[in-house]
Amino acid sequence: MSAFMSAFASLVGALADLLQPLFQHASTAAAIVLFTALVRLAVHPLSRAAARGQKARTKLQPQIAALRKKHSKNPDRMQKALMELHAKEKVSPLSGCLPSLLQMPAFFLLYHLFSSQRIGGEPNSLLGHELFGAPLGERWHHALSEGGPFGPQGLVYLGLFVIVAAVATFNYGRTKRQMAANPMTPATGPDGQPVPGMGAMTKVMPLMSFLTLVSVAYVPLAAALYIVTSTTWTALERAYLYRETPAAEAAVAPAV
């Protein structure tokens, strides 16, 4: 693991060196943004596949509703019929989770890199790199103690919070419109009855993007940059990929 982290630190350093002529002292922060974009670009084919799957699942909603009504008194038969329908149409109910799952290792790797005092037995020099005076290895509470929310470091986080809030508001409005246009068939349990709490979850779902604000406040600044970049990418990507989809889709998950 130590050797792997050393290699990753070297990669971030190499990207920073590449960007240094353009971004000067903010080159490491720019390298993190570039790394995030490269990760998102790598999983974009899966995001496109997930969008196709979402559109296919939307078209199946009338059939799903009919099967649940038909087999409401036979939960086992209903579940089998639903599985057969998804298999016949070659639609996976879990396909939308893959892009997020595959990004998690990249996020945790970056989080660990900027949370470790030593890498490969040597002091972690990346912790001293900054974005407009805010160290990439420190958190929001450090910025607050170095001048308050409107100090030089605090303003960096304020800028990130503004971006996250704008993206979350955009996601909230789009998700609400889609859910109103074509509500999804309520999920049911093995007994064929609606899953308890799903109604409340549906109402809360559009608000989940705002949880990213909490993540940005509590992780190292480097990881916060990853979150903000990835969240913004996700919002724009979904707006494009789902532009013709009237069905509701899950709100963007916080973190990645």
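The values are calculated or read from the model by the stated rules, or taken from the named source; none is laboratory data. Being a predicted model, the structure only gives us computed values, none of them experimental. Glycine also receives a Cβ, built like all others from the backbone with ideal geometry; neighbour counts cover every protein chain displayed. Heads up: the accessible areas ignore ligands, DNA and RNA and are worked out on the full protein's heavy atoms, side chains in. Shrake-Rupley method; radii C 1.70, N 1.55, O 1.52, S 1.80 Å.
A few points about this structure:
- Qualifying positions in the stretch 26-56 - among the hydrophobic types (A, V, I, L, M, F, W, C), within 17 Å of the chain's Cα centre (by Cα) and at pLDDT 80 or above: I32, V33, L34, F35, A37, L38, V39, L41, A42, V43, L46
- Among the criteria (1) of a type in the set (G, A, S); (2) surrounded by 17 or more Cβ atoms within 10 Å (Cβ to Cβ); (3) modelled with pLDDT of 55 or more, the one A247 does not fulfil is (3).
- Any chance V214 is at pLDDT 85 or above and open to solvent by 40 Å² or more (accessible area, probe 1.4 Å): yes
- Scan of the stretch 110-130 for residues that are buried (at least 18 other Cβ atoms within 10 Å of the Cβ) and part of a helix (DSSP H, G or I), ordered by number: L110, Y111, L113, L126, L127
- Residues that are surrounded by 13 or more Cβ atoms within 10 Å (Cβ to Cβ), among the aliphatic types (A, V, I, L, M) and in contact (Cβ under 8 Å) with a residue 24 or more places away in the chain within the stretch 144-181 comprise V156, L160, I163, V164, A165, V167, A168, M179, listed in sequence order.
- Taking the conditions (1) at pLDDT below 90; (2) in a helix (DSSP H, G or I); (3) open to solvent by less than 70 Å² (accessible area, probe 1.4 Å) in turn, Y240 satisfies each one other than (3).
- Residue count, the stretch 131-143 (criterion: assigned to a loop (DSSP other than H, G, I, E, B) and open to solvent by less than 40 Å² (accessible area, probe 1.4 Å)): 3
- Whichever residue in the stretch 29-42 is under 12 Å from A223 (Cα atoms) and not aliphatic (A, V, I, L, M) and, among such residues, is most open to solvent (accessible area, probe 1.4 Å): F35
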